[in-house]
Amino acid sequence: MELRGSDILTMDQFDREDLRRIFDTAAEMEVYASRQKMTRVLEGAVLANLFFSSSTRSRISFGSAFNRLGGAVRDTTSIDESSIAKGESLEATARVVSGYSDAIVLRYPEEDAAKMVADASPLPVINGGDGSNEHPTQGLLDIFTILKERKMSLDDLDGLVVAVGGDLKYGRAAHSIVKGLSIFRNICYKLIATDELQMPDKIVELLRNRGHQVLQTSDLSEGIKDVDIVYMTRNQEDRMPRELATHLRGKIFLDRRTYERYARPDTTIMHPLPIDIRPGAQEIKPDLYDHPNFAVYRQTDNGMPVRMSIYVHLLGVVDRVHDTVRDAFWFRPDRTDSHR
Ligand code: NCD
């Protein structure tokens, strides 16, 4: 697809060659994301970073990635403090913001909100999470993480065996990673969830129609056997009735004993974050946080180069990034935490 000027709404829109371009550029962005060099290629550009539901990392990651390219960022953080609380439609907000900015990131509690804004705005619109539907840039940075952690090239993803566990019904990150991997061939998915939180049939059908193997289980020790990746997610308690949330809390979790007993010693542990650390929840137990295969903080760091790559593609400056390269002089701590 032509990336310049386009919207990023779902993982379904990409093919293998799109991912290759996005990840090749992301690899080139690492030097800027890690602050060894700086570029001002988006100097003068403004991002409308419209967050209408809760977020810490995604909002800061989308904003910082734009800033690291020299662009400026304007944020919203909640519906309550926006004109939507005064009764304005999302389309009208999109139209107004389009007059002030060069790109829009939208997080919104309702499904297909990003599509609605994309239809109402001439700017590139990036879906930063629309209800339970999708979170495509999370899917992209997750696949980028798999390549880095497992030292793979894109074509090595054919035949990947991946366990995805937790809340597969309401979790948009889970939807985006499984759809994203379905671009490749012969993926084996092990979907680990209670019956209440299993992957929607529509998505399972899509995976099977694309020729992949899908196994569904509620038994985590069974599901993590012989997998390359185990991708855990938290229960989206905010999206389910309170009684169900309490009933399902802590039902499926990965701890060190189970991991060491049932998973292969090289299985990569991933999670889109946040991990729910409340007692009784903890879908990944703290005893795994210092395991060398716990890739979760490296995964979240990868959000920076991947989002930078997306911006330069969407705004058509991919060939100009290095024109403005400069040294960065400010203090940066050495990265001593090589595991995390
Ligand atoms: C996820 C989200 O908001 O969809 N977090 C994220 O953006 N990395 C997952 C979650 O909230 O559980």
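The values are calculated or read from the model by the stated rules, or taken from the named source; none is laboratory data. Quantities reported herein were computed from a predicted structural model and do not represent experimental measurements. Positions of Cβ are generated from backbone atoms using ideal geometry, with glycine treated the same way; all protein chains shown enter the neighbour counts. All accessible areas refer to the heavy atoms of the entire protein, side chains included, with ligands and DNA or RNA removed. Shrake-Rupley method; radii C 1.70, N 1.55, O 1.52, S 1.80 Å.
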task = At a 1.4 Å probe radius, which order do D18, D12 fall into by accessible area, largest first?
result = D12, D18
query = So who's got an amide H within less than 5 Å of the one on S132, skipping anything under 5 residues away but keeping other chains? H placed 1.01 Å off N, in plane.
reply = E111
message = Report for the chain the percent antiparallel among DSSP-assigned beta bridges with both residues inside it, nearest 5.
response = 5
key: Accessible-area composition of the chain, carbon plus sulfur, in percent [1.4 Å probe]   = 48
key: Reach of K285 by Cα under 21 Å, taken over lysines that are not fewer than 8 positions away in the same chain   = K190, K225, K251
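Take peptides 197-209, 320-332, 179-191 and line them up by average Cβ neighbours within 10 Å, highest first, as a rough protection proxy.
Working: 197-209: 15.3, 320-332: 11.1, 179-191: 20.1.
Result, highest mean first: 179-191, 197-209, 320-332.
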query = For the range 70-113 and the range 230-303, what is the separation of their Cα centres, given in Å?
reply = 31
1.4 Å probe accessible area per residue over the chain, in Å² = 45
key: In order through the range 215-222: 3J(HN,Hα) via Karplus (6.51 cos²θ - 1.76 cosθ + 1.60), integer Hz, x for Gly, Pro   = 10, 10, 8, 10, 9, 5, 5, 5
key: Cα-Cα P(r), the range 45-189, percent of pairs per 10 Å interval   = 11, 37, 31, 17, 4, 0
For D75, distant residues with modelled amide H under 5 Å away = N49
ask   = Helix 303-314 sits at what angle to the longest principal axis of the chain, using alpha carbons and giving 0 to 90 degrees rounded to 10?
value = 50
ask   = Which of G211, A174, L140 sits farthest toward the positive end of the charge dipole of the range 100-215, with +1 on the Cβ of Lys and Arg and -1 on the Cβ of Asp and Glu?
value = G211
remark   = Calc'd 3J(HN,Hα), the range 200-208, phi into Karplus 6.51 cos²θ - 1.76 cosθ + 1.60 (θ = phi - 60°), Hz, glycine/Pro = x, comes to x, 3, 4, 6, 4, 4, 4, 5, 5
key: Under Karplus coefficients 6.51, -1.76 and 1.60, residue-wise ³J(HN,Hα) of the range 22-35 in Hz, glycine/proline x   = 5, 6, 4, 5, 4, 4, 5, 7, 4, 5, 7, 5, 8, 6
request  = Could you please report the charge total around G63, scoring K, R as +1 and D, E as -1 over all other residues with beta-carbon less than 15 angstrom from its beta-carbon?
outcome  = +4
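Quick one: plug the Kirkwood hydrodynamic radius of the chain (C-alpha pairs) into Stokes-Einstein at 25 °C, 0.890 mPa s, and report D in µm²/s. Working shown, then result.
On the way: Rh = 20.5 Å.
Rounded, D is 120 µm²/s.
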message = Tell me whether the range 136-299 comes out rounded, prolate or oblate; compute the Cα gyration tensor, take square roots of the eigenvalues as a ≥ b ≥ c, and use a/c under 1.5 as the rounded threshold.
response = oblate
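Taking the Cα centre of the range 136-299 as origin, sum charge times position over the Cβ atoms of Lys and Arg (+1) and Asp and Glu (-1), and report the length of that vector in debye to the nearest 20. Each step should come with its number before you reach the end.
Details: 24 positive and 24 negative charges, 34 e Å.
The calculation lands at about 160 debye.
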request  = About the Cα centre of the chain, how large is the charge dipole given +1 on each Lys and Arg Cβ and -1 on each Asp and Glu Cβ? Please answer in debye to the nearest 20.
outcome  = 680
message = Between the range 186-207 and the range 1-67, how far is it from one alpha carbon centroid to the other, in angstrom?
response = 28
ask   = Once amide H atoms are placed 1.01 Å from N in the peptide plane, what residues at a sequence separation of 5 or more from I8, or on another chain, have their amide H within under 5 Å of its amide H?
value = V125, I126, N127
query = Under the definition of Cα pairs under 8 Å and six or more residues apart, what whole-number percent is the relative contact order of the chain?
reply = 21
query = Under 29 Å from the Cα of K115, which lysines turn up, not counting those fewer than eight places away in the same chain?
reply = K86, K169, K179, K202
